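The values are calculated or read from the model by the stated rules, or taken from the named source; none is laboratory data. Since the structure is predicted, the reported quantities are computational estimates derived from the model, not experimental observations. Methodologically, a virtual Cβ is constructed for each residue, glycine included, from the backbone with ideal geometry; neighbour enumeration extends over all protein chains shown.
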Amino acid sequence: MSFKDFLGFEKMISGSVIKLLYWLGLVVIVLFVLASLAGSVSTMSWNGALGLLQFVVALIGGVLGILFWRVICEMYLTFLSMNDRLGQIRDKLPGA
């Protein structure tokens, strides 16, 4: 990628940014799940059934959160990829 492409917005740099945000999002989700699991253990001390329910919900929510976050990031990367492919097609057209 040349500096001209960077200044002219011909190539997107957000793919790398999205990958970084994906990993940061995973860390946030995992920290939230760990905090919820710690809260469920605390809840178990006075109500075992409610604490167990909270524990299961935290695990299921964590798995669904990670899955949802992955889908969102992949959708954004797909849109960026489509933009790059359209640019390549445009460059191969006669008279371009």
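In the set LEU80, LEU20, only one residue is at pLDDT below 95, touching a Gly at 6+ places or on another chain (Cβ under 6 Å) and assigned to a helix (DSSP H, G or I); that residue is LEU80. ALA38 passes every criterion in (1) more than 15 Å from the chain's Cα centre (by Cα); (2) among the small types (Gly, Ala, Ser); (3) modelled with pLDDT of 95 or more; (4) surrounded by 13 or more Cβ atoms within 10 Å (Cβ to Cβ) apart from (4). In this structure, GLY51 does not qualify as in contact with a Phe, Trp or Tyr (Cβ under 8 Å, 6 or more places away or on another chain), surrounded by 13 or more Cβ atoms within 10 Å (Cβ to Cβ) and free of Cβ contacts under 8 Å to residues at least 60 places away in the same chain. Within the range 31-46, residues that are within 13 Å of GLY61 (Cα to Cα) reach partners that are among the β-branched types (Val, Ile, Thr) and exposed (fewer than 14 other Cβ atoms within 10 Å of the Cβ) with beta carbons closer than 9 Å, at six or more positions or on different chains, in the pairs VAL33/VAL63; SER36/VAL57.
Does VAL27 qualify as being surrounded by fewer than 12 Cβ atoms within 10 Å (Cβ to Cβ), more than 30 Å from LEU77 (Cα to Cα) and out of contact with any strand residue (DSSP E or B) (no Cβ under 7 Å at 6 or more places or on another chain)? In short, no. Select, from GLY15, GLY95, the only residue that is on the phi > 0 side of the Ramachandran plot, out of contact with any Lys or Arg (no Cβ under 8 Å at 6 or more places or on another chain) and of a type outside the set (Asp, Glu). After applying the criteria, what remains is GLY95. Residues of the range 54-96 that are surrounded by 12 or more Cβ atoms within 10 Å (Cβ to Cβ) and hydroxyl-bearing (Ser, Thr, Tyr): TYR76, SER81.
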